[in-house]
Each structure stands twice: as C-alpha cells, then as structure tokens.
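Written out below as structure tokens is the structure these notes cover.
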Amino acid sequence: MKQRATLIAVCLIAVPLRPQEHSPSPGPSANSQTFNEVSLGERLAREYEQQVGLGSTPELDGISRYINTVGSKVASVLPSGLQYRFVFDPNPDFKSAFALPGGWIIVGGGLLALTQTEDELANALAHEIEHVDLGQVSRRVGELAKHKEIEKLEVKEFFPGYTKEEELACDLNGQKLAAKAGYSPAGMLTLLETFKALSKGAPEEASDNHPTLSERIAQAEPLSKASPQSQKPLRIP
Ligand SMILES: [Zn+2]
C-alpha cells in the first residue's frame, strides 16, 4: 500500500513541461499537478516562516502586500494562470530570493534594501517566477521524490543550486516577462550592476556551474539598452 501511495504522489508532481507547452486551458492532469505543488509550496513556506520566526506587524504586512502586488502584476502576463505568492523575510543579511514549488517565492529583506526602483524589484521577482514557470522547480521536486517522500521534503532542498544555463534562462526570460508586464527590462541590468558594485571589484572566477555577475550583466544589456531607461521609484509603504 505504501509503495502505491508513493507512486501516485510521484505521478502527480512529475510534470516538468513548461505551462506554456500545454494548451491554453490545462487539462485535469496539469491541474492536479499544479494543485499538489501549490500545497507542497505552501507547507514549505509556512515551515520557513516558523523556522526564521516571521512575525506580523503593520509595517511588515504593508511591505509584503506591496511585493505581492508587484509580483502578481508580473506573473499575470504568463499563460499558465498560476497564482504566485511572495513571502517577505525582513532579514537584512538575506540579499536574494528563492522559489518554492507551486509559485511560492521567499524574498529577502537584504534584496529589497538593494533595489532602488520598482522595475528592479519586478525583474528580481520575475527571475524567481521563471524558476517555477520554466519547470526547474518541478524538475527538482521530481528528482527529490525519487529518493524521499514528498511529505518529508524540506525548505533547504529548494535553496538555489541551479545550473548556469538555468540561471541565465531565468534572467533573460524574467527580463522579457517584466517588460511584458509594463516594467523596464533595464531594471534587471541596474540591479545586477548594484550587486557588481557591492563586490567592490573582487575578481570573478569563470565557472561552468554558475554565471558570473559580468556574464549576467552582458546578457542583460541588449534588452535593457533597446528599451526606455526610465524606471518607477519603489513605493514601499
Ligand atoms: Zn535564480
């Protein structure tokens, strides 16, 4: 019985196709897969909130609503129709974000502090959305499920650790997605330049596993330069 239950769970989550590759209205199997990943992502997001002791204050709730407004606007132009949800962790040392299954995204306070415009925030969120939309998070769930029961998966198993090609694909597709949602794709470039400036000229080692900031900046330049440069100010409440 146990083996059968595990098999069913694996079948339900292992659909690594991009949502765009489905017909405009996904069939029942795609819906159940999405539903399962949404539940998994929600459980992991709640566990993350508990682990880091996220509380609720009017200020934090306001910031969280703002991030969700920007992220939902970006995600709304995707054909998948998946609802993305963004959890804000105010930790100033957490200068990035990561994606959980089913469209749950954890966003660090350090990243928000570094973003200077709403367009930069939109491009950063779009990068994380692409990890989900390109099927990378689903593929990871499928890989993990070969060795572990879905119920036992942990948040740390979804910390970044994607390939160089996957990261570059999320930058480029994220830039296009942000632009489609009405944001300047230059936000991706200026945010990456902020990270580069923070590294204070420390030498970058080229690697087959991770893109360097210089590689990411070079990739972001053409779309940025071909679009209007004006960016909207952040509207953190
Ligand atoms: Zn990434």
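The values are calculated or read from the model by the stated rules, or taken from the named source; none is laboratory data. In this text the structure is predicted, and so the values were computed from the model without any measurement. Because the Cβ atoms are built from the backbone with ideal geometry, glycine has one as well, and the counts that use them run over all protein chains shown.
If the condition is being over 19 Å from Leu172 (Cβ atoms) and either polar (S, T, N, Q) or not in a loop (DSSP other than H, G, I, E, B) (or both), then segment 196-224 contributes Ala197, Leu198, Ser199. Within segment 91-142, the set of residues being among the acidic types (Asp, Glu), surrounded by 21 or more Cβ atoms within 10 Å (Cβ to Cβ) and either in contact (Cβ under 8 Å) with a residue 60 or more places away in the chain or more than 11 Å from the ligand (Cβ to nearest atom) (or both) comprises Glu118, Asp119, Glu120, Asp133. If you take the residues of segment 143-158 that are touching a residue at least 24 places away in the same chain (Cβ under 8 Å) and surrounded by 15 or more Cβ atoms within 10 Å (Cβ to Cβ), which of them is nearest to the ligand (Cβ to nearest atom)? The residue in question is Phe158. The test for being modelled with pLDDT under 95, within 13 Å of the ligand (Cβ to nearest atom), under 30 Å from Gly142 (Cα atoms) and not polar (S, T, N, Q) holds for Gly161. The set of residues from segment 195-215 being away from the ligand (no atom under 16 Å from the Cβ) and either within 16 Å of the chain's Cα centre (by Cα) or among the polar types (S, T, N, Q) (or both) comprises Ser199, Ser214. Of the residues making up segment 171-180, one or more are in a helix (DSSP H, G or I), away from the ligand (no atom under 15 Å from the Cβ) and of a type in the set (Gly, Ala, Ser).
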